[in-house]
Every structure is written in C-alpha cells, then in structure tokens.
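The values are calculated or read from the model by the stated rules, or taken from the named source; none is laboratory data. Nothing here was measured: the structure is a model prediction, and the numbers come from that model. Note that each Cβ is placed from the backbone with ideal geometry, even for glycine, and that neighbours are counted across all protein chains shown.
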Amino acid sequence: MNHSSNTTPTMKSIKYILAISLPLFIGTRPVVACGPYEPEDPAGIRVFRSCTPELERQWHEGCRFQDYEKYENCLLWQKITSPSIPPADIERVVYDARLKDITNLPHGKLAGNKFAEWLTQPAHREDLEYLLTAKEIEEIREYMNDPWYYAYDGDEEHLRLDSLLNQCKEYRGNRHASRYALQLARLYFAMKDFESCRDLWENKVNSMPQNIVTDMIASYAGGAYSRGGYRDKAIELFNRSQDIGSLVNLKAWDDTLSNSQYVDHRVKELEYIFSRFPNSPLLSVKLQEYVRSRERFHDTDNAFYNELKCFANRAIASTNCHQKGMWNYALAYLYYLDNNFSKASSYLTQAERSDATPFIKESIKAFRLLFDAHYANNTQEYKNKLFSELRWLDECMARDAELDAANNWQYDNKMNYSFYFWQDVARRVLLSEACPRIGKAGNPVLALQLANYASNRILQLSPVYEAYHYGHDDPEDRESYTSYISITEFRNNWSERNYFDYSSEFFKLINSLSADVAARYAWHISSPTTELEKFLNERSYVDNDYICDIVGTLYMREMNYKKASEWLSKVSQSYQQRTNIAKGGYFKLDPFRYQADKKHFIADSHDYKLHFAQEMFRLESMIQSDAEPNRKADAKIRFATGLRNSFGICWYLTDYEYLLGYEDRVWYPSSCREGFTQNEYAQRAYRRVDVLTDEALSEYTNQELAAKVQLDMMNFKTIMEKYPSTQIAAYVRSRCDGYHDYSLQKR
Amino acid sequence: MKNSIVSTLLFSIVASLLWCGCSSGGSSVPENNSMYYWRTTFSLNEAERNFLKDHSVGKIYVRFFDVDSHWQSGKGDEVTPDGTIKFVDSIPEGVEIVPTVYITTTAMAQMQLKENLYAEKIYKRINAMCRQNGITFSEIQLDCDWTKGTRKPFFTLCEEMKSCMDSKQSLSSTIRLHQLTQTPPPVDKGVLMVYNTGNLMEMTTDNSIFSRQDIEPYLRDNRLANYKLPLDVAYPTYGWSVVYHPAGEKYTFDRLMRRTDFSNYTGLRQINKNTYEATERVDFSPGSEWWDGVYQGYRIRIERPGASEILEVKAMIDQQLKNKTHTNILYHLDESQFKHYSDNEIDKIYSRD
C-alpha cells in the first residue's frame, strides 16, 4: 500500500480518469447481433430520381412496362362495352381480380364495380365467359410457375389447359377474336409449343387490325420466332409491340454497333433504345441507375459519364424527345456531382423550363431544393425561399407518407439509409447542406429547427416505430398478422432503450452545441419569432420533457448548475422514469460518495438529476459565501466529489449514450466517442476537481475532518504522515497491519 | 406365369439355404440392404448398378429435393423446394425407392403455424415426381437437423404429413446423434445418422465426418436401447477434403473439396496423418475456368472414415440394439466414394449380428 496525497494535478487527473473510465466501460451494454452500425453520413443519401420504384420493379422482374399496356387495354374494353364504365373499374376486374371474384359476381370484392355490373347482365355473357377463361388460364399458369409445382404427364393442370386451349381455338365470334388469340399465344408459350405460336401469328393474328391486344400477341410471337432462330422476324415483332425488354435481351442493337459514335456499351444501348422508342420508360430506369451509381458509389468511370452527358445533349436536341426535362435534369445532376455548379445551374434552369412528366417535374423541384441549399445562408432572402420550398416538400412528404411499415423503414430512417424519397430529400437537403451552412452563418437555432424537422417529421406522418411480423402478410391466412408499435407507445411505454431519440441527427446536433444555444432553441419552440419557425416547430419532436432534459444536461456538462436546475425542474417525473438511464438501472448511485458503488444506493431517486444540480448549486454558493473554513472545505470536497462522479461513474448526469462505434461494439457517451479521456468538458471538470480538492485539504483546520477526507480517498499513508494523532489514523492502524507496523516504526 | 412362380420358389429356397449357411458362421450379409442417394441427378453407372446387386441393396433413400427459404421478389422469404433431383436413368428393378426430403432449419422455422400447408405441398410434390418417373413408394423420409427451437414445427409437420399419406404408407425421419436426448419425432421409424459428428469449421477437428471419440458420448446410458422409436442406422462411406485458410494465428474454414488424393503435388507438405499445408500456390485444375486450388499457407484435411473405426462404433451400436430389429444403411451411393472400401468391409458394415 502506497497511497499518498502528494500527487501532482496531472497524476490525479490520470487517477480520476482511470477511476471513472473503468466503471464506464465495465458498464457498457451488450450489443445486438447485427450491429451497432454507424449511421451513414446524410451526404450519402441518393436523391436523383427519374423513375418510380414500380417502373424499376417491372423492368427488373419482367423486362416489361405494364402501365401503358394496361391503360390501352382498359380503353379498348371501354370501347367495346360502355363509355360510362371508368377505366379504373375495368382495370380492377381485368388485372386485379381473381377467378373466384368473377365467379362470385355480383357479390364479393367487386360489388359496386361498374364493369362487374356490366358483366353480370345476361346480354353480356360473352364478355364474362372470356374473362372467366382468361382468369382460369392465368391462375393455372401462375400455379405452374410456383416452385412447388412439379409437372407429370396427364396432371390436372395440363389436362385443364388442354381443355382451355380447345375452348380458345373453338371461339368463332368476332368480339373477342384477338383476346382469345392472346390466350392461345400464352398457352402455347406455357406448353413450349413455339411452332403453334408462330402459326397462330401467321395464319390468324397477322391479318387482324393492329391494337394493343394484337401488339401483345406480337410480343409472344416474337419470342416464338426468336426461339426458332428467326432473329429478324423476332426483332420486327418486338419493335411492333414496343417490347423493349425483349429487344434488349436479344441484343437487337448489335447490328448498329459499327455506326455508333460511342464507345461505352451502356451508352450504345441507350442510343439504340432512344432511336427506336425515344420516350421509352426504360430510358428513365437506365438513367436513374447510372446517375445514382455516380451519386452513391462515386462511380469514377469518367469516360462513361462524359459519353452519357454527350448522349443526353443529343437526346435534348432530338425533335422526337418529349422528355427533355428529364435529360436536362440528368445533366444538371451529373454536373452537380462533378462540383461544376455553374453548368449544373444552367441545365437545372433548362430542366425547369422543358417538357417533362409531373413526376419528373417534382424530381427537378427536389433537386432545386438541394441546389439552393448548397448556397444556404442566414439572409432573409434565403430563409424566405427555404420556407416556400419546405412547404412544398412537406406537402409531398405528407402526400406519399403511407410507408410500408413492414420494411422497417424506421431503422433506415435512423441510420440515414435511403428508404423513402421525400424523407431522403429532406435529410439530404437539410442535414447535409442547409443545417451546417446556416449554423456557420450564425443561426444555430434555425439549424436545430431544421434538423429536428428532417429527423422527426416522418414520425408524425407515419407514426410507426416498428413492426413485428408473424407468418406471411397474407390477409387470407388467419395465422399471419403484423403487430405495429407506434412511435408514441415506443417513446412512452417501451421497456427497452429508446435508440432513436438519442441517436437521431437532431440529437447529434443539439448535443454538439452549447447549452445556451440549446436553451435559445427551446425558447424559440415556445415562442417562435417567424412563420418559418412556427412551421418547423409544429412538424418536429418538441416534447417539453425531451428538450428540457437535454438543455439541463448540457448545462450540467458546462458546470452551470443554476441554469441546469432551472431546466431540469421542468422535466416530469414520468419522463425521467422512462429515459434510457432509468431503464438502465442508473439513478441509484449516490453521486456525492467518493466511492460511489452499489452498496450505497440512495433511497429516493426522484428528480435525481435535478437534486444533483440543486445540491451542486447550493455547494457552489456555500463555497463562495461561507466563512467557516471547515464547512467551506467540506463543501469544496463534496462539490469536487459530485463533479468528478458526474463525469465518471455517474456520467449520466452530464451525458447520454447511444450506439456509435462499430469496431469496438460498445456504447459511448454521446459527447465524445473516446469516452471521457478525450472529452474537453470532462477535462475541464477534472482540473477544477484537482484545484478544489487541494484547496480544501489545505483549508481544513479540523484535523479529523481532513483525515476523514483522506480516508475516503484511501490515502492511508498521508493520514499516517499528516494526521497521525487523529481517531481516523487510529482507525486505519486498527484495520491495517501494514500501517500498524509502519506507525510503530515511525514512533 | 407358372414358371415364374416355380422359379421364384426355387430361388427363395436356395436363398434361404445360403442365408442359413452364412448365418451359422456369425455375421451375415442380409438382403434388402439400404443406401442413400444424395445427388441432384439420378444416374447410375455400371459399377453402381453392380454394387447394388453385389450387396443386395433393395432400398434406396433418394433425396428428391431440399426445402429451403429463398428470397422471392415482392414476397419476401418464401419456403420453396430447391435442388430437385432429375431422373435420367430408370430405377433398377426390384429396388424400393424412399423419397427423402431435406428440410433446412431456416425453412422449418418459417413453416411454423403453416405445417399443414407445407405437408400437403411436400406430399403432393413427391407424388407428382413419383408419377412422372414411374416410382411407387410406400415410405417417405424427412431429414431435418431440428433442435429445441424447431422441434415443435418439425413434429407438427410430421403429424401433418402422416395425415396426408395413405394408411399403407409410412413416414420415417433421420435422427441426429444430438437429437437422441429429446423426445422422438412422431414418425414410424427413425434412421440414426452416425456421421457428420464433428465440427467442420474447426481446423483442430480430426475428422468431422466420423470420429469414435465424438460419437461415444451420445451413446451413453444405453440410449439407443431405450429410445422410443424403432431405429435403423446409417454409416458413412464417403470422404472429402476440408480446406482452411490462415486468418491471423488461426485457420478459417474455406471450402470442401471432393478431391482426396494430394500425393502428387510438390507444393503440398504433409504435416500430419491427414493434413497437408501448401508451401506455394497449387492449382489442382490448371486451365479450368474456375479456380480450383490453394494458396501458400492454406491447409487441407482429408477426411474419410476407416472401415475399422466404423466397425468399432457399429459394434457399440449393435450392442445397444441387439434386441431390436434394425437395418444398416450406407451413405451414399457413389462409385467415387465406395471404391475406397473393399466388398468385405462393406458387407461387414451391412451385417446384422
């Protein structure tokens, strides 16, 4: 044993650091199996968008775009039935309904549907029969495509298909001749009878008038010709049916390769597609893929992107192009990613003025937000523009916020993964561009308001925290269901830790700012000074308990106990009990014990943080005003102990914790990744602790009190040397053989 | 017709006499031995057909397909069949086929609450496969490495399977050694798998396919004698090589290789009885499109159970099952594997004392 009080302040600091670091790290939480993961930088969120997720899906799953086909087919049905039947009703019956829905007519799911009503009339039996046949074929084919299906000669499905095939062949009417032919083409394909499919085309369909149905047959016939080795005929039919997917699969552009001015095969492909179908949805799918690759993965294939830019300019110059807005938008975005802002600005202006679908126009507008945010500042002019842009963004976000909770988007939201376009735009524009610039320009309060909006608005619009799935989400399966946990339930009643509110980008920002700024922000919540502030506050998570607790904690971190007390007194008991700290079992240690440990839990943990702040403030006042040296020294020691513990074993008085590091897989205090060893607030506190302790020990006039302090600090040698005649020294001697001997020798 | 009855009778009498003659000497090579067939194409070469004849194999447990969980676009994880066997050759005459379905534990967990649905799907698919390939069957076997977590759905699946099946058909299931301590599944018969007993992932494992040391603890307390389900026993007659790559001071599992002969490679140094270490880059199939080799520092462990060790374990098992009728099954029918065992060794493994 060699404990001594004669240590330098630096050595003491090391001792404090060790004393506090050990419990801090021993007290770390176990981690979940798949994490923790570091949230992605909001700058990495992709917001280039030229096609819908549905188009992307259609292309990747079947290399076909069904929207056009569906729409035209419904119009054709309307033409042969009644103009009073809305195409949407037709679509529901022709595309969405199952066979049983049609057999159930006029009851069931389709009750009230105008087209269904038409079909139930006796005069329209022919239409109904066709649909029954088509639905049955579709469902049998669907069943045969199921991985569980195993064909055997003469199985039920094949027998039924044979019978349906004959039924289709035997149709002698005119009204549905092309539709029955379409079913025949499908059946031949299902049976891999490509020759019959070619015969069907040559002998029957070829002479029919061209419409969407015969074009669909052309696509099947093209496939049959392709399989028979008739490549040119196949390309001709695919061109007729605008079956771009089959043309791409057939590499139909191979013949034109030598004439192309481009080197990159991807640009050659775009050139081919554009030359045949200048407004094909495939161009939007491909553009999105290429630009996002540059945006997200920093694809450095500059030669390709330069060719893509050249091609985009050619597309814009073409008179056949009705999507000039999309090409200008892509160019603007590519130059933006190259940091060529003047060119980006010029193309963006062109994009805004060019023809584009409403969908692309919205994408362009979202890019305008991003572009403007690159020049974000604290001027009234910018704030006005921002407000106008945010109102529009908020409308878009609210409009499309029916999120698929099944996909656990909340996790993606927390981790800054791209998951929902408008939320992505909000986070990218505000968190990565506007907030840092506005903060730097001297308005950190507005930066906080924007960060809170970007982090939390989505939770107001779709207030789901998490979804648990049982079985499959099949409404007809009684065993399948999804249980949703609302964000309110999660915040108020969830027994586990609240990961979100203490790891969101808003939290990270407020936690990095001074307590005064946080307090100003809190004041602006209750008293917004502008319409923009009001707008943002209404759409943010501004729970009084949550904000006041943060502000109070930040003041505690800055050792401003008076203000900490003021803010913490506004935090409700119920909130305190549902914080991570309470859930983690803290709020029990006595922060004023030198050796704070589980043996000395305090009896009442209500207002734990507040009581600590109040006591620290009381002690601080006493240190200033008390003239009695021993009381003053006692106050200093108690204050120093509380201060040390609040940056040590009772760290939750000055800090929060959240998942941050991956490699070490530990929970870190939110203010400093490395823990308190690198934390400037803690270092400042430790220096103050050293000064106060030294002062107190030199100020004691009562030897017993001074010795007691040394005993708490386990400085036994100092007690022996400086206070050998005290009862404390006698106590140490009686308990410690080493010191008994030591004192005997000294005598 | 008459002639065939007479010749059958004669054959039976001769066979019975031969059987008695063999039995009197102690161990016997019984008829209707069984084997597993675990490939994705059913095709038998001459050696394999001869093996069936020579060793009186009357029953083959053929893996028809696996049931696994697969990501289906727009549907999420779906339990679907995988690796369906393709029947290229006809089934040898007089050989009974037992359709066998391997179910992964992931799929098993996902089947929970829908076991009836999947039982029907499995049964329907087996029926379709048998009809298409001219197979009649009277037994189905389910193979699943169920543990406590997946026991309930597996047992329910077995019950549901039985309710789908014809009353004349029986259901069996594989029983892994670790499953012996738990309640047996609700099937008519079990096949104790006495292989894959060690940890394949560990470089320190001596033989992950078969090791007496690994098996013995599972056979404590006369467990087989007390097991509440009739058991047949499957022994391994296969081998492979396990490749590990260095990862710091340890070795990490890299892959399995069918190749087990490394005697002609100068870049490989034998470091113990069944392990080689690569002293340089070694390409086993130069010119091949796919990389088939090892890099410097890689280690290769050859695993092939020796007949003597199998017979030692078999003696222990037979001792526990001496009062229970059981047959022995070999895993699996593949010339490249069983050629490493002599006819005599195979017969000894098959023998029922």
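Going residue by residue through segment B:49-60, is there one that turns out to be more than 26 Å from residue B:232 (Cβ to Cβ) and either in contact with a Lys or Arg (Cβ under 8 Å, 6 or more places away or on another chain) or modelled with pLDDT of 75 or more (or both)?
Looking through segment B:49-60, none of the residues is more than 26 Å from residue B:232 (Cβ to Cβ) and either in contact with a Lys or Arg (Cβ under 8 Å, 6 or more places away or on another chain) or modelled with pLDDT of 75 or more (or both).
If you go through segment B:328-344, how many residues are surrounded by fewer than 18 Cβ atoms within 10 Å (Cβ to Cβ) and under 18 Å from the mean Cα position of the chain (by Cα)?
Adding up the residues that qualify gives 4.
I'd like the full set of residues that are farther than 16 Å from residue B:135 by Cβ and within 14 Å of chain A (Cβ to nearest Cβ), limited to segment B:36-77.
Residues satisfying the conditions are B:66, B:67, B:68, B:69, B:70, B:71, B:72, B:73, B:74, B:75, B:76, B:77.
Is segment B:108-124 home to any residue that is more than 9 Å from every other protein chain (Cβ to nearest Cβ), among the aliphatic types (A, V, I, L, M) and either under 20 Å from the mean Cα position of the chain (by Cα) or in a strand (DSSP E or B) (or both)?
Yes: segment B:108-124 contains one or more residues that are more than 9 Å from every other protein chain (Cβ to nearest Cβ), among the aliphatic types (A, V, I, L, M) and either under 20 Å from the mean Cα position of the chain (by Cα) or in a strand (DSSP E or B) (or both).
Determine which member of the set B:84, B:80 is outside any strand (DSSP E or B), closer than 30 Å to residue A:60 by Cα, of a type in the set (Val, Ile, Thr) and within 11 Å of another protein chain (Cβ to nearest Cβ).
None of the others qualify; the one that does is B:84.
Test residue A:661 against the criterion of being on the phi > 0 side of the Ramachandran plot and at pLDDT below 85, and give yes or no.
No, not satisfied.
Have a look at A:179, A:186 and point out the one that is surrounded by 13 or more Cβ atoms within 10 Å (Cβ to Cβ), modelled with pLDDT of 95 or more, in a helix (DSSP H, G or I) and under 47 Å from the mean Cα position of the chain (by Cα).
A:179
Sort out for me the helices (runs of 4 or more DSSP H) sitting completely within segment A:472-591 that have 1 or more residues that are more than 14 Å from every other protein chain (Cβ to nearest Cβ), modelled with pLDDT of 90 or more and surrounded by 17 or more Cβ atoms within 10 Å (Cβ to Cβ).
Result: A:505-512, A:515-526, A:531-538, A:544-557, A:561-568, A:573-577.
Of all the residues that make up segment A:123-157, how many are closer than 20 Å to residue A:97 by Cβ and more than 14 Å from chain B (Cβ to nearest Cβ)?
18
When residues of segment A:180-208 are filtered for being touching a residue at least 24 places away in the same chain (Cβ under 8 Å), out of contact with any Leu (no Cβ under 9 Å at 6 or more places or on another chain) and not aliphatic (A, V, I, L, M), how many remain?
Number of matching residues: 6.
Which ones in segment B:307-353 are of a type in the set (Asp, Glu) and within 21 Å of residue B:215 (Cα to Cα)?
B:309, B:312, B:318, B:345, B:353
Looking at B:222, B:207, B:196 in this structure, which one is at positive phi, part of a loop (DSSP other than H, G, I, E, B) and more than 14 Å from every other protein chain (Cβ to nearest Cβ)?
Exactly one residue qualifies, and that residue is B:196.
Condition first: modelled with pLDDT of 65 or more, surrounded by 13 or more Cβ atoms within 10 Å (Cβ to Cβ) and assigned to a helix (DSSP H, G or I). Now tell me which residues in segment A:14-54 satisfy that.
Of everything in segment A:14-54, those that are modelled with pLDDT of 65 or more, surrounded by 13 or more Cβ atoms within 10 Å (Cβ to Cβ) and assigned to a helix (DSSP H, G or I) turn out to be A:42, A:44.
Of everything in segment A:721-735, what is in contact with a Phe, Trp or Tyr (Cβ under 9 Å, 6 or more places away or on another chain) and either surrounded by fewer than 20 Cβ atoms within 10 Å (Cβ to Cβ) or outside any helix (DSSP H, G or I) (or both)? Give them in sequence order.
Matches in segment A:721-735: none.
I'd like to check which helices (runs of 4 or more DSSP H) are fully inside segment A:195-301 and have at least 2 residues that are touching a Ser or Thr at 6+ places or on another chain (Cβ under 6 Å).
Per the criteria, A:212-227, A:231-240, A:265-276, A:281-297.
If I filter segment B:125-137 down to residues being surrounded by 16 or more Cβ atoms within 10 Å (Cβ to Cβ) and among the β-branched types (Val, Ile, Thr), which single residue comes out as nearest to the other protein chains (Cβ to nearest Cβ)?
Out of the qualifying residues, it is B:126.
Among A:152, A:143, which is the only one that is surrounded by fewer than 14 Cβ atoms within 10 Å (Cβ to Cβ), at pLDDT below 95 and of a type in the set (Phe, Trp, Tyr)?
Just a single option satisfies the conditions, and that option is A:143.
Considering (1) within 14 Å of another protein chain (Cβ to nearest Cβ); (2) at negative phi; (3) out of contact with any Lys or Arg (no Cβ under 7 Å at 6 or more places or on another chain), say which one residue A:160 fails and leave the rest.
For residue A:160, the exception is condition (1).
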